[in-house]
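For reference, the structure is listed below as structure tokens.
The values are calculated or read from the model by the stated rules, or taken from the named source; none is laboratory data. Note that the structure is a prediction, hence the values are computed from the model and not measured. Because the Cβ atoms are built from the backbone with ideal geometry, glycine has one as well, and the counts that use them run over all protein chains shown.
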Amino acid sequence: MASKKRCLYEVLGVDASASEKDIRKAYRKMALQWHPDKNVGNVDEAEERFKEIQEAYDILSDPQERSWYDSHRSSFLTGNTPGANGGEGKIHDAFGELDVRETYMTTGVFKGYGKGKKSFYSVYAYLFEQIAQIERDEAEVSADITFMPAFGGPDTSFQEMKRFYDFWGNLVSNRTFSFKDKWRLSEAPSRKIRRLMEQENKKIRSKGRREYHECVRDLVAYIKKKDPRWVRFKEAQAQLREQKKLERKMQKELEAKRRKKARILGREQEQKRFDATLEERKKRYGDVEEEQQQQQQLEILECGLCNKTFKSQKQWNNHEKSKKHKQLLKQQLNRQKKLNKRMRVKVCEDISEQDGEALLDKLIAEDLKSEAMREDESKGEGEGEGEDEGEGEGE
């Protein structure tokens, strides 16, 4: 006979309206108070109370589990269901939702994680053997009964364990749920009543199937959180993801270094090609370019107005300041003004660019000729005066 269970809120010493924060705070306080290490003289009671506190917190800290508990609390406190002796009782064919939740979704149903008859693995392995047998016994005639994975033990491989959770966590039952029928169709007084009975039975079966699926899936989710194998599996998966993440990061870094090295190498090769091209050009055109540079230098140090060349910039600067250069420059500017004036006089209609250049050349030639004649006259007059002076001196 199972002992009467205490309300989970009472176990933690909180109200049913307590918040998650209040529940967590109460759990820490009660766990510290009843931890076996803190109760050396009362170890047996402390272990039972500590286990009870842990069970209460596991349910009330999970919103889904707490919601179910709140809606079934009265049944949970007064129920006396089969299987309460630690999983050795036979599960009835109805597989009542409340029976399984009260009996197997609690830490009190097993003791430890070893290989004993009351251990975590033994209790739930037995439970799922019974569920699998019910599936076979109550399956529809046309149903294809597939292999149903067993729960296994502490040494079960990750692959087998994952196969179990994948199958039962997504169970689609082949049971008929005919035991849920409310009406016996053979007792129907007419066809019409028979159809109505059949429709209502069908609805009840659908509801029973839905509740059964929900119950099994909740059971699987509860066991998974307690299963050390699943915890190790998730840790291994997390490590694998972290390793792959690290590998991707390293691969990106290596790729970035490779691209950087390729860019540097490309620039070096481009510089080598440029230097080679420049060297080749120097070999081919070096003398010509040097002559051009020398010619440019000569042009820079040559005064076209005075028809003189200079060996240094200093000589050129001194020449620019000389009286003779300034006089010739002034004459050139005056000459240019006269030419411009004569051009404005003679050009009274549009002429072509070629005709304009020809006219300019003609005017320049006339101007130079006039200037030369004036210079000759000046020289002649100077010589005549010299002769007169000589004759006078002779006399």
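Scan (1) within 50 Å of the chain's Cα centre (by Cα); (2) without any contact (Cβ under 8 Å) to a residue 60 or more places away in the chain; (3) surrounded by fewer than 16 Cβ atoms within 10 Å (Cβ to Cβ) for the single condition residue 158 breaks and write down its number.
The number of the failed condition is (2).
Yes/no matrix, rows are residues, columns are (1) closer than 23 Å to residue 169 by Cα; (2) exposed (fewer than 11 other Cβ atoms within 10 Å of the Cβ); (3) without any contact (Cβ under 8 Å) to a residue 12 or more places away in the chain:
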site: 201; (1), (2), (3): no, no, no
site: 208; (1), (2), (3): yes, no, no
site: 213; (1), (2), (3): yes, no, no
site: 217; (1), (2), (3): yes, no, no
site: 222; (1), (2), (3): yes, no, no
site: 236; (1), (2), (3): yes, no, no
site: 242; (1), (2), (3): no, yes, yes
site: 246; (1), (2), (3): no, yes, yes
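Would you check if there is a residue in the range 140-154 being without any contact (Cβ under 8 Å) to a residue 60 or more places away in the chain, surrounded by 13 or more Cβ atoms within 10 Å (Cβ to Cβ), in contact with an Asp or Glu (Cβ under 8 Å, 6 or more places away or on another chain) and in a helix (DSSP H, G or I)?
Looking through the range 140-154, none of the residues is without any contact (Cβ under 8 Å) to a residue 60 or more places away in the chain, surrounded by 13 or more Cβ atoms within 10 Å (Cβ to Cβ), in contact with an Asp or Glu (Cβ under 8 Å, 6 or more places away or on another chain) and in a helix (DSSP H, G or I).
Scanning the range 327-358 for residues that are surrounded by fewer than 12 Cβ atoms within 10 Å (Cβ to Cβ) and closer than 20 Å to residue 301 by Cα, which turns out modelled with the highest pLDDT?
Step by step, filter the range 327-358, then rank; the result is 327.
When residue 160 is evaluated against the numbered criteria (1) part of a loop (DSSP other than H, G, I, E, B); (2) under 23 Å from residue 218 (Cβ atoms), which criterion, by number, is the only one it fails?
(1)
Need at least 1 residues that are crowded, with 18+ Cβ neighbours inside 10 Å and β-branched (Val, Ile, Thr) per element, so show me which helices (runs of 4 or more DSSP H) inside the range 1-74 make the cut, counting only ones lying wholly within it.
Values: elements: 8-12, 20-34, 43-60, 63-71.
Answer list for the range 1-74: 8-12, 20-34, 43-60.
Out of the range 13-49, which residues are within 45 Å of the chain's Cα centre (by Cα) and either of a type in the set (Phe, Trp, Tyr) or over 17 Å from residue 67 (Cα atoms) (or both)?
Residues satisfying the conditions are 25, 26, 27, 28, 29, 30, 31, 32.
Please give the number of the condition residue 122 fails out of (1) more than 27 Å from residue 235 (Cβ to Cβ); (2) at pLDDT 90 or above.
Result: residue 122 fails condition (1) only.
Name the residue, out of 131, 193, that is crowded, with 16+ Cβ neighbours inside 10 Å and either under 30 Å from residue 237 (Cβ atoms) or of a type in the set (Val, Ile, Thr) (or both). Walk me through how you get there before you give the answer.
Values: 193 fails: crowded, with 16+ Cβ neighbours inside 10 Å.
Testing whether each residue is crowded, with 16+ Cβ neighbours inside 10 Å and either under 30 Å from residue 237 (Cβ atoms) or of a type in the set (Val, Ile, Thr) (or both) leaves just 131.
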